[in-house]
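Worksheet for the structure shown next.
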Amino acid sequence: MQLPELLCPAGSLEKLKISVLYGANAVYLGGQNFGLRQRSENFTTEELIEGVKFAHDRNVLVFVVLNSFLHDQDLLALPKFLEILEKIKVDAVIVSDLGVIETVKKHSSIPIHLSTQASSLNSFSAKFYKKMGVSRIVLGREITISEAKKIKEEAGVEVELFVHGSMCMSYSGNCVISNFTQGRDSNRGGCAHSCRFEYSFDNLEQEKLNAYFMSSKDLNGLRVLEEFIKAGIDSIKIEGRNKSHHYAGTVAKVYSEALSFYKQNGHFLSDKMYYWESELKKLSHRDYTTASLIDKASDDSIYNSRENDENEWTVVGVVLKVFEQQFVVIDVKSAFKPGDTLEFMPFVGDVFEFQIPFIQSMSGEVVLKTKPGTLVKLPFISNVQKWNLVRKKETLA
């Protein structure tokens, strides 16, 4: 059975490694220019080289986003970047603009994927872009799985569809709200997410009902994953290059395990589904929806309330080194202290708890509370590996 590729976000070099080790088949990332996530850490040339090698050594593909809408002055600088990408053997670029497509074809032989920003929503559009040299269409979030299946069959092109992450109230690539409200170009990497704001109305009763009328719930396609498989969708995409280490590791692990389970059993009839869902609920998220995956999204997909992270778990560290039968070195991301019960996320298998009896600095001094950006030693913990995430439940003050 051909399973879809699991395509995960890599907002930084460290997040790339986490996504790869937790089960991604492919990752997508951005360089310092030409992409749509200016607030993401993005990759320097040196990080690109290291990241591509890390992924390729583990048989994971790397796609680079060139999905901003570029002006002529931008296109003048693009060929030099393409030369670097071809040299390090990236597996594809993700492109929105026809001028960028022509530039990529002229200056490289890198495969081209069409970004969701291009709003390709039908088979005629897919056929046109295929003629232009595009090998895969990242379909807009407005498309159902059944429509995606039809587009693939009629256009004879690979299709990629979002399965999890933040949603946009606008058609992909056509929103200018943040241009108007903040002077930031949402189609050139500056989206301010103005649709998430609380708005005021003259009518107080209307305001009470619709203060967040443009904010969408988050997409969660876990329960309809079998429909992706049966439809022959080539790639399922996780949104979230700006999101946390916890998000990167958790979504990769959950969807990877779910796909592996289906490959082995041919169904999802298992209590594991409840476990995977509980893991996704531990992420910072709005209420979940299947949006337009099965039927067209309606007003029940609006997230009409203030965001609440009371169920959020936070990554407090990443395992950097394991000294067998001695200690574990943690790169601290958020404070924790002796006596805390932490959860360790193995690359394969269920999360497990460990209560920390003591913490030491690298020089062996007692640590009463860790500080982000430092390295500390914990007692040896079996079944822990380098790059495992360590998390704890956030408690309300």
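The values are calculated or read from the model by the stated rules, or taken from the named source; none is laboratory data. What you see is a predicted model; the values in this text were computed from it and never measured. Cβ placement follows ideal geometry from the backbone for every residue including glycine, while neighbour counts extend to all protein chains displayed.
If you check 64, 20, which single one turns out to be β-branched (Val, Ile, Thr), part of a helix (DSSP H, G or I), in the same structural domain as residue 193 (by TED's automatic domain parsing) and within 14 Å of the chain's Cα centre (by Cα)? Even if it seems obvious, please write down each step before you answer.
Details: 64 fails: part of a helix (DSSP H, G or I).
Just a single option satisfies the conditions, and that option is 20.
Mind counting the residues in the stretch 361-393 that are surrounded by 15 or more Cβ atoms within 10 Å (Cβ to Cβ) and more than 29 Å from residue 254 (Cβ to Cβ)?
Of all residues in the stretch 361-393, those surrounded by 15 or more Cβ atoms within 10 Å (Cβ to Cβ) come to 367, 370, 376-378, 381, 384, 387-392.
Subset that is more than 29 Å from residue 254 (Cβ to Cβ): 367, 377.
Going through the stretch 361-393 one residue at a time, the tally reaches 2.
From 161, 225, 219, 209, which residue is outside any loop (DSSP other than H, G, I, E, B), at pLDDT below 90 and in the same structural domain as residue 28 (by TED's automatic domain parsing)?
On the way: 161 fails: at pLDDT below 90; 225 fails: at pLDDT below 90; 219 fails: at pLDDT below 90.
None of the other options fit; the residue is 209.
Determine, yes or no, whether residue 150 is surrounded by fewer than 20 Cβ atoms within 10 Å (Cβ to Cβ), modelled with pLDDT of 95 or more and in contact with a Gly (Cβ under 6 Å, 6 or more places away or on another chain).
On the way: surrounded by fewer than 20 Cβ atoms within 10 Å (Cβ to Cβ): yes; modelled with pLDDT of 95 or more: yes; in contact with a Gly (Cβ under 6 Å, 6 or more places away or on another chain): no.
It is false that residue 150 is surrounded by fewer than 20 Cβ atoms within 10 Å (Cβ to Cβ), modelled with pLDDT of 95 or more and in contact with a Gly (Cβ under 6 Å, 6 or more places away or on another chain).
Would you point out which residue out of 50, 83 is under 15 Å from residue 10 (Cβ atoms), acidic (Asp, Glu) and surrounded by fewer than 17 Cβ atoms within 10 Å (Cβ to Cβ)?
Working: 83 fails: under 15 Å from residue 10 (Cβ atoms).
Result: 50 is the single residue among 50, 83 that is under 15 Å from residue 10 (Cβ atoms), acidic (Asp, Glu) and surrounded by fewer than 17 Cβ atoms within 10 Å (Cβ to Cβ).
Can you confirm whether residue 189 is at pLDDT below 75 and crowded, with 17+ Cβ neighbours inside 10 Å? Don't jump to the end; show me each part of the working.
Values: at pLDDT below 75: yes; crowded, with 17+ Cβ neighbours inside 10 Å: yes.
When the stated conditions are applied, residue 189 passes them.
Please enumerate the residues belonging to the stretch 265-287 that are at pLDDT 95 or above, in contact with an Asp or Glu (Cβ under 8 Å, 6 or more places away or on another chain) and either over 21 Å from residue 230 (Cα atoms) or not assigned by TED's automatic domain parsing to the domain that holds residue 229 (or both).
Residue satisfying the conditions is 275 alone.
May I ask you to list the residues in the stretch 261-287 that are of a type in the set (Ser, Thr, Tyr) and either free of Cβ contacts under 8 Å to residues at least 40 places away in the same chain or outside any helix (DSSP H, G or I) (or both)?
Residues of the stretch 261-287 of a type in the set (Ser, Thr, Tyr): 262, 270, 274-275, 278, 284.
Within the stretch 261-287, 270, 274, 278, 284 qualify.
Among the residues of the stretch 356-397, which ones are over 18 Å from residue 315 (Cβ atoms), modelled with pLDDT of 95 or more and among the polar types (S, T, N, Q)?
If the condition is that a residue be over 18 Å from residue 315 (Cβ atoms), modelled with pLDDT of 95 or more and among the polar types (S, T, N, Q), then 360, 361, 363 are the ones that fit.
Select, from 11, 51, the only residue that is more than 22 Å from residue 346 (Cβ to Cβ) and assigned to a helix (DSSP H, G or I). Even if it seems obvious, please write down each step before you answer.
Details: 11 fails: assigned to a helix (DSSP H, G or I).
Criteria check complete, one pass: 51.
Restricting to the stretch 94-125, what's the tally of residues that are free of Cβ contacts under 8 Å to residues at least 60 places away in the same chain, of a type in the set (A, V, I, L, M, F, W, C) and touching a Phe, Trp or Tyr at 6+ places or on another chain (Cβ under 7 Å)?
The number of residues fulfilling the criteria is 1.
Provide a single number: the residues in the stretch 320-350 that are closer than 25 Å to residue 259 by Cβ and assigned to a strand (DSSP E or B). Give the derivation first.
Going residue by residue through the stretch 320-350, those that are closer than 25 Å to residue 259 by Cβ are 343-350.
Next cut, assigned to a strand (DSSP E or B) only: 343-345.
Number of matching residues: 3.
Applying the selection to the stretch 332-360, what residues are out of contact with any strand residue (DSSP E or B) (no Cβ under 9 Å at 6 or more places or on another chain) and either closer than 29 Å to residue 273 by Cα or of a type in the set (S, T, N, Q) (or both)? Before you say what the answer is, go through the steps one by one.
Keep residues of the stretch 332-360 that are out of contact with any strand residue (DSSP E or B) (no Cβ under 9 Å at 6 or more places or on another chain), which gives 337, 347-350.
Result: 347, 348, 349, 350.
Filtering the stretch 86-133 down to residues that are surrounded by fewer than 16 Cβ atoms within 10 Å (Cβ to Cβ) and hydrophobic (A, V, I, L, M, F, W, C), which residue is farthest from residue 52 (Cα to Cα)?
124
For the stretch 233-284, enumerate the residues that are in contact with a Leu (Cβ under 7 Å, 6 or more places away or on another chain), small (Gly, Ala, Ser) and farther than 15 Å from residue 351 by Cβ.
Scanning the stretch 233-284 gives 235, 258.
Among (1) of a type outside the set (A, V, I, L, M); (2) modelled with pLDDT of 95 or more; (3) surrounded by 14 or more Cβ atoms within 10 Å (Cβ to Cβ), where does residue 314 come up short?
Against the list (1) of a type outside the set (A, V, I, L, M); (2) modelled with pLDDT of 95 or more; (3) surrounded by 14 or more Cβ atoms within 10 Å (Cβ to Cβ), residue 314 comes up short only on (2).
Which one of these does residue 3 not meet: (1) aliphatic (A, V, I, L, M); (2) farther than 21 Å from residue 109 by Cβ; (3) modelled with pLDDT under 95?
Status for residue 3: all satisfied but (3).
Quick check on my filter: what residues within the stretch 101-129 are over 16 Å from residue 70 (Cβ atoms) and part of a loop (DSSP other than H, G, I, E, B)?
Start the filter on the stretch 101-129 by keeping residues that are over 16 Å from residue 70 (Cβ atoms), which leaves 109-111, 113, 116, 119-129.
109, 110, 111, 119, 120, 121, 122 - these are the residues of the stretch 101-129 that are over 16 Å from residue 70 (Cβ atoms) and part of a loop (DSSP other than H, G, I, E, B).
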